[in-house]
1. Do we have any residue at all in the stretch 42-49 that's touching an Asp or Glu at 6+ places or on another chain (Cβ under 7 Å) and under 16 Å from Gly111 (Cα atoms)?
2. Which pairs have Cβ atoms under 8 Å, sit 6 or more apart or on different chains, and link a residue in the stretch 18-38 that is surrounded by 10 or more Cβ atoms within 10 Å (Cβ to Cβ) to one that is at pLDDT below 85 and assigned to a loop (DSSP other than H, G, I, E, B)?
3. Across the stretch 57-81, which residue is nearest to Pro110 (Cα to Cα) among those that are out of contact with any Lys or Arg (no Cβ under 9 Å at 6 or more places or on another chain) and part of a helix (DSSP H, G or I)?
4. Hey, can you tell me all the residues within the stretch 27-45 that are assigned to a helix (DSSP H, G or I) and over 30 Å from Phe3 (Cβ atoms)?
5. May I ask you to say which residue of Ile84, Ile54 is assigned to a strand (DSSP E or B), hydrophobic (A, V, I, L, M, F, W, C), surrounded by 11 or more Cβ atoms within 10 Å (Cβ to Cβ) and in contact with a Pro (Cβ under 8 Å, 6 or more places away or on another chain)?
6. Restricting attention to the stretch 109-123, and to residues there that are touching a residue at least 24 places away in the same chain (Cβ under 8 Å) and not in a strand (DSSP E or B), which single residue is nearest to Leu82 (Cα to Cα)?
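The values are calculated or read from the model by the stated rules, or taken from the named source; none is laboratory data. It should be emphasised that the depicted structure is a prediction, and the values quoted were computed from it without experimental measurement. As a convention, Cβ positions derive from the backbone with ideal geometry for all residues, glycine included, and neighbour counts pool all protein chains shown.
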Amino acid sequence: MEFSRETNNLIAGLRGLPADRSRSRVRPAFALGNLIELLEEHYKIGQERVEDTIARNWKDIVGEHAAHRSRPQVVIGGGAVLLIQVANPMLRQELTFKEKEILARIHQLPGGQVIQALNWRAG
């Protein structure tokens, strides 16, 4: 029979034993098969990410000239901002001027609607 921590501490006090002051808590056990399914779902293992879709279509989104000197990195900010690495500050400025057009092309991709802004990083 399982008792609460308070009850166990009361019994320990009556028996002259030290109280349990740990912060740990008892959690229910999961079957390993269920745990793996939960982890796959939580971390989206085996599912294509929006970054992968954008990277695959990057040449069509920014054009061949800019695609060779830039690449999408990761979606940050809860999925709202796409971080893009560019080769130099001049290209970053050029792509910043075309930001609305680039966002419109990203929104046409499956899952691309979650991207609300672009963050450019030179380097």
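1. yes
2. Listed pairs, sorted by first residue: Leu38/Phe30.
3. Lys59
4. Those that are assigned to a helix (DSSP H, G or I) and over 30 Å from Phe3 (Cβ atoms): Gly33, Ile36, Glu37, Leu39, Glu40, Glu41, His42.
5. Just one listed residue meets the conditions, Ile84.
6. Ranking the candidates gives Ile115 first.
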